[in-house]
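First up is the structure itself, then whatever we jot down about it.
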Amino acid sequence: MGILFSDEIKAAIECLLFVANEPLSVEKIAEITQISSRNVRILLGEIQQYHQGRGFELVEIGGGWQMCTRPELAGFVEKLYRPKAATLSKAALETLAIVAYRQPVTRAEMEEIRGVKIDGVLSTLLERSLVQEVGRKSTPGKPILYGTTVEFLRYFGLNSLEELPSPEYLAAGI
């Protein structure tokens, strides 16, 4: 693999990352570019280094790689697009926390923990693709089990669920 080939493939990877509307896995990039996953990782590192200090940065998030605006520059982009407030209600955040920490979990289990019906809140979380159906529980009635999504990880800037704060950390109120 000569320098020209490497530069051409690196440019192709940058292009893919720029146009993708979701994080791309190393495996997907390797499949498209027809180079090894090892070489993809090397080129991703070079691309990441190249973009340090620029307007965009390459970040590993949601099980893949994505070009993102540097956090300290987000205010400029917001002025251009003036996005609608996409905040979640307290009820939605509480329900989402239950799903994140207890998944897979049924609607009845979520309602038992929260002490209230969650029909509307759960619908909102499903519509926003923050939670999804992940199966059925092996109990009478076979209730639907829910879990978090890749969109959940992106929404909170996480690469995996292991990056969630521990329940003990949260209970300490830190």
Subset of segment 74-92 (residues that are surrounded by 14 or more Cβ atoms within 10 Å (Cβ to Cβ) and either hydroxyl-bearing (Ser, Thr, Tyr) or part of a helix (DSSP H, G or I) (or both)): Ala91, Ala92
Those residues of segment 129-148 which are of a type in the set (Ser, Thr, Tyr) and either more than 23 Å from Ala97 (Cβ to Cβ) or modelled with pLDDT of 95 or more (or both), in sequence order: Ser138, Thr139, Tyr146, Thr148
Verdict on Glu109 being out of contact with any Asp or Glu (no Cβ under 7 Å at 6 or more places or on another chain), farther than 20 Å from Ser160 by Cα, free of Cβ contacts under 8 Å to residues at least 40 places away in the same chain and of a type outside the set (Lys, Arg): yes
Residue selected from segment 108-140 under the condition under 23 Å from the mean Cα position of the chain (by Cα) and charged (D, E, K, R), by the criterion surrounded by the fewest Cβ atoms within 10 Å (Cβ to Cβ): Glu127
Selection count, segment 50-66, where residues are part of a loop (DSSP other than H, G, I, E, B) and of a type outside the set (S, T, N, Q): 6
Segment 1-22: number of residues that are modelled with pLDDT under 85 and farther than 12 Å from Ile47 by Cα: 5
Selected residue (criterion: surrounded by the most Cβ atoms within 10 Å (Cβ to Cβ)) from residues of segment 141-156 that are out of contact with any strand residue (DSSP E or B) (no Cβ under 8 Å at 6 or more places or on another chain) and either of a type in the set (Phe, Trp, Tyr) or free of Cβ contacts under 8 Å to residues at least 12 places away in the same chain (or both): Tyr155
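The values are calculated or read from the model by the stated rules, or taken from the named source; none is laboratory data. Everything numeric in this text was worked out from a predicted model, so none of it was measured. Because the Cβ atoms are built from the backbone with ideal geometry, glycine has one as well, and the counts that use them run over all protein chains shown.
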